[in-house]
Amino acid sequence: MTTFSCIPNALTIAGSDPSGGAGIQADLKTFSALGVFGTSVITALTAQNTQAVTGVHAVPTDFIAAQLDTLLDDVHIEAVKIGMVASEEVAIVIRDALAHRRPRWIVLDPVMVAKSGDVLVDNAGIRAVREILVPLADLITPNLPEAAVLLDGPIAQEITQMEALAPRLMALGTANVLLKGGHLRGERCPDLLISNQGTHWLDAPRVDTDNLHGTGCTLSSAITAYLARGHDLMEAVEQAKAWLGQALSASERLRVGKGHGPVHHFHAWW
């Protein structure tokens, strides 16, 4: 683990969630909870709550470019998390900006389907994520439905099918894959990490809660925060998964909405 004399800076490039449990809001809460200064570039505004997404309004591409250029001209970023990207044009803008001022780490959470089941990205957006952003990333963090979309195939239903998917995801051009197994049935939540350190299963007990809104955003931003703080990839994933488990366990202390509520990002502080 590398230590920093100053608090490191992280960037989230994602959509906004008015209910505060996912997207930019979840990412910034996670960064703050884990001791990283958070910055953000908004790619889309959503009308959503804990029950549904009722609308998506894309931010104009030139304004996304302006946000990125203005921020990166001034602030040194240790690690970036990329979330919701709805078009090829936006993907190109992000790729060009980060290629010009590449941070140490780029984590891609390929957000394409909300927890409610609402599809957030059209076919062109899916292709853009697959062909432009996946090769840019140091780590991608798809869940099983997202992996199926990326590979244009069925959703894995068991461990052996997960193992078969991971090399195919690596073949898309990313350096490392964290394939999340939370959609499998059972009392455990196994995740599969394939990295330059080998293949590792990370297992945890399933937390009995309906407060699952934004768990993917939160895990990927937690990994980003630990990477920004100087942890190596394996440490960052292990620490982030453990922290998310605690945030899920503490989520019953919150009363947010009538559907899938958020995790408790500040469980260690409040």
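The values are calculated or read from the model by the stated rules, or taken from the named source; none is laboratory data. In this text, all values refer to a predicted model and were calculated from it rather than measured experimentally. Cβ placement follows ideal geometry from the backbone for every residue including glycine, while neighbour counts extend to all protein chains displayed. Accessible surface areas use protein heavy atoms only, side chains included; no ligands, DNA or RNA. Shrake-Rupley method; radii C 1.70, N 1.55, O 1.52, S 1.80 Å.
Some points to look at:
- Selection of region 244-267 for residues being assigned to a helix (DSSP H, G or I) and out of contact with any His (no Cβ under 9 Å at 6 or more places or on another chain) yields Leu244, Gly245.
- Hits in region 135-145 (condition: within 15 Å of the chain's Cα centre (by Cα), open to solvent by 10 Å² or more (accessible area, probe 1.4 Å) and either of a type in the set (Ser, Thr, Tyr) or at pLDDT 90 or above (or both)): Leu136, Asp138, Asn143
- Qualifying residue in region 67-84 (condition: modelled with pLDDT under 95 and open to solvent by less than 30 Å² (accessible area, probe 1.4 Å)): yes
- Per-region count, region 176-200, residues closer than 19 Å to Ile155 by Cβ and either open to solvent by 80 Å² or more (accessible area, probe 1.4 Å) or out of contact with any helix residue (DSSP H, G or I) (no Cβ under 8 Å at 6 or more places or on another chain) (or both): 5
- Candidate set: region 45-57, residues that are hydrophobic (A, V, I, L, M, F, W, C) and free of Cβ contacts under 8 Å to residues at least 60 places away in the same chain; chosen: the one least open to solvent (accessible area, probe 1.4 Å): Ala47
- Residues that are farther than 13 Å from Cys217 by Cα and either open to solvent by less than 30 Å² (accessible area, probe 1.4 Å) or of a type in the set (Ser, Thr, Tyr) (or both) within region 235-246 comprise Ala236, Val237, Trp243, Gly245, listed in sequence order.
- Test: residue in region 58-65 that is at negative phi, aromatic (Phe, Trp, Tyr) and open to solvent by less than 70 Å² (accessible area, probe 1.4 Å): no
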